[in-house]
Structures are given as C-alpha cells and as structure tokens.
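The values are calculated or read from the model by the stated rules, or taken from the named source; none is laboratory data. Just so it is clear, the model here is predicted, and its values are computed rather than measured. Cβ placement follows ideal geometry from the backbone for every residue including glycine, while neighbour counts extend to all protein chains displayed. Just so you know, the surface numbers come from the protein's heavy atoms only, side chains and all, with ligands and any DNA or RNA stripped out. Shrake-Rupley method; radii C 1.70, N 1.55, O 1.52, S 1.80 Å.
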2 protein chains.
Amino acid sequence: MEASMTIVKHGSVVSPKGFSADGVHCGLRYSKKDLGVILSEVPASAAAVYTQSHFQAAPLKVTQESIAAGKKIQALIVNSGNANACTGKQGLADAYQMRRACAERFGINEYLTAVASTGVIGEQMNMKKILEGVPLLNPASTKESGHSFETAILTTDTGVKNTAAKLAIDGKEVWIGGAAKGSGMIHPNMATMLGFITTDAAIDSVHLQQLLSEATDTSFNQITVDGETSTNDMVLVLANGMAENDPLTPNHPQWEVFKNGFQEVCKDLAKQIAKDGEGATKLIEVQVTGAVSVQEARETAKKVVGSSLVKTAVFGEDANWGRIIGAIGHSRASVDPDQTEIWLGGQCLFSKGEPQDFSEEKAAEYLKDKTIMIRVSLAAGDAEATAWGCDLTYDYVKINASYRT
Amino acid sequence: MEASMTIVKHGSVVSPKGFSADGVHCGLRYSKKDLGVILSEVPASAAAVYTQSHFQAAPLKVTQESIAAGKKIQALIVNSGNANACTGKQGLADAYQMRRACAERFGINEYLTAVASTGVIGEQMNMKKILEGVPLLNPASTKESGHSFETAILTTDTGVKNTAAKLAIDGKEVWIGGAAKGSGMIHPNMATMLGFITTDAAIDSVHLQQLLSEATDTSFNQITVDGETSTNDMVLVLANGMAENDPLTPNHPQWEVFKNGFQEVCKDLAKQIAKDGEGATKLIEVQVTGAVSVQEARETAKKVVGSSLVKTAVFGEDANWGRIIGAIGHSRASVDPDQTEIWLGGQCLFSKGEPQDFSEEKAAEYLKDKTIMIRVSLAAGDAEATAWGCDLTYDYVKINASYRT
C-alpha cells in the first residue's frame, strides 16, 4: 500500500486540486515579498496546532476563533516582517482587520479566513501597507504562484520550503502539499515556524486534527535550532475534499496510506526547516533507540541535537563525543552509562562505559558531509525517536546580534 | 550583624587559617599549570555537591567515597586537561591512584583525600605525568601559592576566580575563601564547574552540607553559559575549625552571619564564572519578581539568561525585548501576558500586554555596559530569584568548534 505514495519534487500548496496561492510585496519588508494568501475553491476542513508560548500572538487568536466557528477555512492570509505579537489591544484589532480585508477581497465569510504573521515582536503593524497589499493578491494554481507564496512567508530563511506527496486512494489521485518557514527560534512545541498544508482529500476536521497532532509530535516538534519557542507559530491544514475519495477515517482501508503520506510531508518540511537553521551549514539527525518510552527517546534526541556544544563541535567537524555525553547526561531519561552506546555515522565511539578505538580520520572525513547522523542506543527499552537540528556557526551569532537592524 | 562581614579582594582558599595550596605544571596541558592541591593542617569537616549528570566522572565517585568514610577531608588534588570521565574501569583505577599518590605525598589517610578533574571527556589519563607532578606540589599559605592553585584548575577560562570573606564570630576572626573554574558547559545543577571553598570556622559536616546545598541553589545552580551539564562538576567545602569559634549550628546566635558570608562567597564565585563564560563580553543578570514560587522564579530567570537569542541580542547591544518574551513564553511558570513587565536597566519595555514607549538611544547606551540587568515582573505572587549568564559571541563558536585541537 505504501508504495502508492510518491514524494513529488517542487510540489507545493497548489499541487492539490482546487488550491491557489499568491505572494506580493506590500512594504512591511524593505524589498522582499511579505504578504501571501492560500485560497481553496470550496471551504476546506481545517485543523491547526499552535505555539505553546504563554505569549500567543494576536493572529493565532483570530485563527482559532475562525476554526472554532465552523471547523472550515477557505482562505489564509499571512504576512512576514512583523509578528503582531505583544502588541496589546491594537494588535488584536489589526489581526481582525487583516481577516476582514482578506475575506472581502475573496468574497467569503470572515470565519472562513485564517490569519498568520511572522517577524519582529512588539511592534505595531503597519496596517496601511497590509490594506494596500491585499488587492494585489491574485491567487493562481501555477508553480510560480505557489513559489510566490512560499517566498512571502520567509524571514531569515535562506530558501523556500515546500513539498508534496501524491497518493492513490479509492482509485483517486490524492495530493498533499506543504509550505513552511522557520529558521531561528525553532524548538519543541510548535516553536517559531509556520507550516501550511493543503490536501484535496476528503476528511473531516476531527480526523484531520488527530492526524496533525500525531504527525507534529514526530516532525515539527522534533526539530530545534536554538531551543527557543516563538509567539506565533502554527501549522494549519486545509482539506477541501476535491479528490472525491470516500471520507477518510481510521476505518477507511487506506487510512494508513494517507496517514503515512501526511507524516512524510510533515517530516520533509520539518527537516527543511532544521537544515535552514540560522547560519547552519549542516543538518544533524539524532536517532535515539532503546529508550524506556517514546517521550524519553524524544527528549533525549532533542537534548543532543539542541546542545550548543554538540552543534559547535559538528560545525568544527570535530568528533568530540564527550559533547554528546554531556547532552545525554542531563536528559531526564533513564540512562545507564554502562549500557549506553554512541555512534557517529558508521563508527561506534563509546560503548558500555568505555571509550572505543575509532578512526579519527574516518570520523573527520564523515563530518565533512552536509548531513550528520548521530545514534544513541540506551539499551533500556524498546522505544525510539529521531530529532533534527543544525550546527551552531559564526553566522548564527551574526544574524541574531543584529536581527532588528 | 551583617556589617561584620567584609569581602576581601584577592582573598583566596589560603586566606582561612591552616590552609595551604599549590599548583604546578605536570604535562597534561601543553605549558599551563595543570595539577593543584589544597591542604589543611588538620582534618576538616567536608561537604560537597556533585553534577546531576547520568555520567558522573571517576574522581567524583572517589571523592564521594572519601567523604562518606569519615565526613572529613584534609587534602584535595585536582588536575585540568583531562576530565577522566567516560573512561571506564581504567579511569576509576586512575582516580584511586591519584588519591593514593596525594595521600602518600602528604602523609595522610587516603580517605582524607578528595580528587577532582576537569578537561576533555573520554580520554584515558596520562598517569605517568600525574605521578611525576605530585612530588612537585609544595603547598604554602602565600598569596602566590593560592594563585598557583587557582591557575592549575582552569581550562578555557580566561582568568582565575577567587574570593574571600572575613567575619567576626564569637569574637574570633573567621575566614571563608574560595576558588573556582568554569567557562563553558555551565548550567543548572552543578554543571561543568569546580568550586573549592575553605573556612577556618568550626562547623560539623552535617551543617556544612546544609549550608552548601542551600547556597548552591541561589548561586552555582543559577548560572548558565550554554545550557550544558558536565560530568565532572562539584563544589567541595572544607572547614578546619582553626578559628576556634563555638561550633556553628542553626542555634548559634551568629549562624545567620556565617550563612550570609557563605552565600556571598558562593554568589561571588558563581558570578565570576558567568562573567567569564566562553567568549563572553558581558555579564547578564536576570531578576524575576512576582513569581508564584521560588522554583518558578528560578526557572524563569534561567530561561531568560540561557536563551541563545537573548544572549546574542545583548552581544549585539540590541534592545530586542521580543527575545525576552520568547524565553519567558516557554517557561513552565505561571505567566499572565497581561500582567508581565519587562525592564532593561531603568527602562520599562513591556507592560500589561502592551509595548511601552522607551528611548532606544538610552537603551543602546545602557547596553554598552559590561553588566546588563534585565528584570521581569510576573505580578503573580511574591517569590523572586536571580540568575546570571553571559552574551553569546563569535568567540563562543570559535572556542567550541575546535575544543580538542
């Protein structure tokens, strides 16, 4: 069954039937595109996950209200350059105004409209620019329009993030497409990233939410750039049913096919974000096996991939596995030093309490790769998890020492 | 009563009566001093706190055994250049051999001897060099000898850390002296630092342990450089009673005087470590007030001071208070965005859900200081706590990308 899934390169949020998108420059950013839209021909089942920050930005509140009203969304408007977070009553009024402007532009109900923002925290929105930008949005289903949208949602990202999967369900072609942004402030629990997933599958919002929540735990929540959590992050999924498959529920014979495809789309976007971490030169993948529970495996994998010392060692192409020990050491997981194994690529560096003889030359050669795989075996149970991150470089410091300037 | 305490500049572990020290070069490091000793004329009441890492280094196990035997320590031997951590059975045998060599050198019982190590993880000790170094140790009570010890325990530190307090108790002069090392891998729970405190006060080890555990929570456990926890860290306190005060217990009329002095010594050392964080140019002090509990205040303060984005913003002298919001946002503390206030130096940047008008010029001027004070008021309770850290700079990346080379 799983063979019926294909990941389509350069696929995007407009790959699924009935979706269009656009991105324009309205002036919140100096010259880059900063206002985007995704539009569905018909109202789509909607599901979303939001930042766990105590300081949830205004647009997230508005989007939650829209979804709560009827579990359907038809249009999403998103800006970069300003997060509209910690902006008080004015910020909330601005997010409502953005929603209204978008709804009017496309002749749909306000409650079918979602809003998202990303950028600097604590500055009031320039609504004049937003309102001037909305009429410029002309969504289309072309590759170029999808690309315009992907571009408009970026901040310090160095490139667009997109993906699409093609599935066969009930003899119909079903697509899942996605776009994301995120580069710094990326950490557990929906942190500082935006993800937008479209699908033409027929599925109700309850089951869509279930899939999204599950997939988030193994994808977006398993990446970290710098241990930070943003005020604005969310992943929004829209399913418009235009593929005309039988509605997907756990009882559908091909539920697992869709679930797999959905998870792969989420993982693909998550890895693209981790790889494009601010200043990053390498993607780091940490696999933890033999943990007592999935929670402990996830936490330990994230500890390692989030460690500043592991990250700088990888940047320095230094097989300094003591840094990995340091990170595992303060994980809350059950760890028996005498059972733990640490692998870098194909070499075992530490096993059963003893340092292993390994080839420093082979390790140095391996560390030149753009993707570095670290495996930690805890030999304490059967659970496993993977987390993704990136190295810590001079450019991370450079980008963030002068973020506002 | 508190007026009877004086912090004595350039005081050290040899300031209290009956303590001597030394530091020599034995060859574990290329040219720097790498082997040190503290010796008391008489066995001293001992107390210690240790790293919370699952991977506790061999010397810590040996020191714990020594203290457990009779609650007294007379000599401490410590090396830099090699952590003797994750070194298996050989490492443990080496730590025992270090203890024996030190005990024999000074003609004392092995169980009166403590051992500490700091440096690279996972490499076996060069015991030949250590054993050649031990006879070179000639402890004295001079300022120079104290300085030699302070130097021998350093790794990437840029300078020695020392302090001393002079108290009057029972009409006697009572001293507390301290030395510490630590620069990277500094985080909660006794992480990657060594602290050695001497005092000539008369106090038993039970009360000494109580004081140390309490003081650690408000000093060494409240500093962070990079969120990492080491395998080797410990703080060891020796009290030899030679000041001839009446034994200190909570019932002693001047217990609070000693307790205060002790806490100030711990805080002073902790701040010196934070200020000398790898690559640091500034000390950051974060005060959290109005928290529901001391635990929540401590956690929140550490979240802010440990945030890579706060740290890089301070390095960039950028009053980007959204970074502080980001850090508080994912604290597990009770936070009401509409009650939270954020202060930078003397200016309020955010209050009751709204960004405040503040002078960017004044903020930029303030951020040029070497010590940056951030205050977060949660208005949720009465508890408060302070944490210390440093900025994140290009040099942090440089130091750690090539730590082993």
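Using a Förster distance of 22 angstrom, determine the FRET efficiency expected from the C-beta separation of B:LEU131 and B:GLN64, and round it to 0.05.
On the way: r = 23 Å, r/R0 = 1.05.
Here the calculated transfer efficiency is 0.45.
With a Cα-only, solvent-free Debye model of region A:1-149, what are the log10 I(q)/I(0) values at q = 0.09, 0.17, 0.18 Å⁻¹?
-0.28, -0.95, -1.06
Which value, in debye to the nearest 20, gives the size of the charge dipole of region A:252-405 about its Cα centre, when Lys and Arg are +1 and Asp and Glu are -1 at the Cβ? Present the calculation step by step, with values, prior to reporting the outcome.
Details: 18 positive and 23 negative charges, 127 e Å.
Once rounded to the nearest 20, the dipole reads 600 debye.
Which residues in region A:50-72 have a backbone N closer than 15 Å to a point placed 7 Å from the Cα of A:GLN90 along the Cα-to-Cβ line?
A:58
Under 13 Å from a point placed 7 Å out from the Cα of B:ALA364 along the Cα-to-Cβ direction: which residues of region B:301-326 have their backbone N that close?
B:317-320
Averaged over its residues, how many other protein chain Cβ atoms are within 10 Å of peptide A:54-62's Cβ atoms? Please report the intermediate quantities before stating the final value.
Values: counts 13, 11, 2, 0, 0, 0, 0, 0, 0.
Counting Cβ atoms of other protein chains within 10 Å of each residue's Cβ and averaging gives 3.
Given A:GLY70, A:LEU344, A:THR218, which one lies farthest toward the positive end of the charge dipole of chain A, if we put +1 on the Cβ of every Lys and Arg and -1 on the Cβ of every Asp and Glu?
Ranked along the dipole, the leading option is A:GLY70.
Is there a quick way to get the dipole size of the protein assembly as shown? I mean about its Cα centre, with the Cβ of Lys and Arg at +1 and of Asp and Glu at -1; what is the value in debye to the nearest 20?
860 debye
Where in chain A are the DSSP H helices whose alpha-carbon span along the long axis reaches 27 Å or more and whose Kyte-Doolittle mean is at least -0.5? All intermediate terms of the calculation are to be shown ahead of the outcome.
Numbers: long enough: A:88-106 (28 Å, -0.81); A:255-275 (30 Å, -0.45).
Those that clear 27 Å and a mean of -0.5 are A:255-275.
Going highest first, how would you order B:360-372, B:388-400, A:131-143, A:239-251 by mean Cβ packing within 10 Å?
Details: B:360-372: 13.5, B:388-400: 24.1, A:131-143: 16.5, A:239-251: 18.4.
Highest mean packing first, the order is B:388-400, A:239-251, A:131-143, B:360-372.
Once you have the Cα-Cα distance between B:THR249 and B:THR6, take 0.36 nm times their residue separation minus that, and quote the gain in nm to one decimal.
Working: separation 243, 0.36 × 243 = 87.48 nm, distance 2.14 nm.
That pair, B:THR249 and B:THR6, stretches by 85.3 nm at full extension.
Largest first, please: the extent of the C-alpha atoms of the protein assembly as shown along each principal axis, to the nearest Å.
89, 56, 42
Which whole-number percent of Cα pairs in chain A have a distance greater than 31 Å? Before the final figure, lay out the partial values.
Details: 31434 of 81810 pairs.
Considering chain A, 38 percent of its Cα-Cα pairs are separated by more than 31 Å.
How far is the Cα center of region B:254-324 from the Cα center of region B:40-66, in Å?
Going from one Cα centre to the other spans 26 Å.
Give me the percent of the accessible area of the protein assembly as shown that comes from carbon and sulfur atoms, probe 1.4 Å, all protein chains in place. Before the final figure, lay out each step's value.
Details: 13810 of 28330 Å².
Accessible surface attributable to carbon and sulfur in the protein assembly as shown totals 49 percent.
Between region A:79-133 and region A:342-393, how many Å separate their Cα centres?
45 Å
Roll a 1.4 Å probe over the protein chains and send me the accessible area per residue for the protein assembly as shown in Å².
On the way: 28330 Å² over 810 residues.
Ligands and nucleic acids excluded, the result is 35 Å² per residue.
Determine ³J(HN,Hα), in whole Hz, for all residues of region B:110-126 in sequence, where each value follows from phi through the Karplus function 6.51 cos²θ - 1.76 cosθ + 1.60 and θ = phi - 60°; x replaces Gly and Pro.
Once rounded to whole Hz, the list reads 3, 6, 9, 10, 10, 10, 9, 9, 8, x, 5, 8, x, 10, 5, 5, 8.
Based on DSSP H runs of at least 4 residues, each adding -39500 (n - 2.57), what is the mean residue ellipticity at 222 nm of chain A after dividing by all its residues, to the nearest 500 deg cm²/dmol? If you can, show how the numbers build up before the last one.
Values: 11 runs with 128 residues, N = 405.
When only DSSP H runs of four or more count, the value is -9500 deg cm²/dmol.
Aspartates and glutamates near A:LYS143 by alpha-carbon distance under 13 Å, same-chain residues fewer than 8 away left out - which ones?
Within the straight-line cut-off, A:LYS143 pairs with A:ASP22.
May I ask for the accessible area buried between chains A and B, both sides summed, probe 1.4 Å, to the nearest 100 Å²? List each step's numbers first, then the result.
On the way: alone 16550 and 16590 Å², together 28330 Å².
In total, chains A and B hide about 4800 Å² from solvent.
With no solvent and one point per C-alpha, what does the Debye sum give as log10 I(q)/I(0) for region B:238-363 at q = 0.10, 0.13, 0.21 Å⁻¹?
-0.46, -0.69, -1.26
PRE reach from A:VAL292 (point 7 Å along Cα→Cβ): which of region A:364-385 fall under 18 Å by backbone N?
Correct set: A:377-385.
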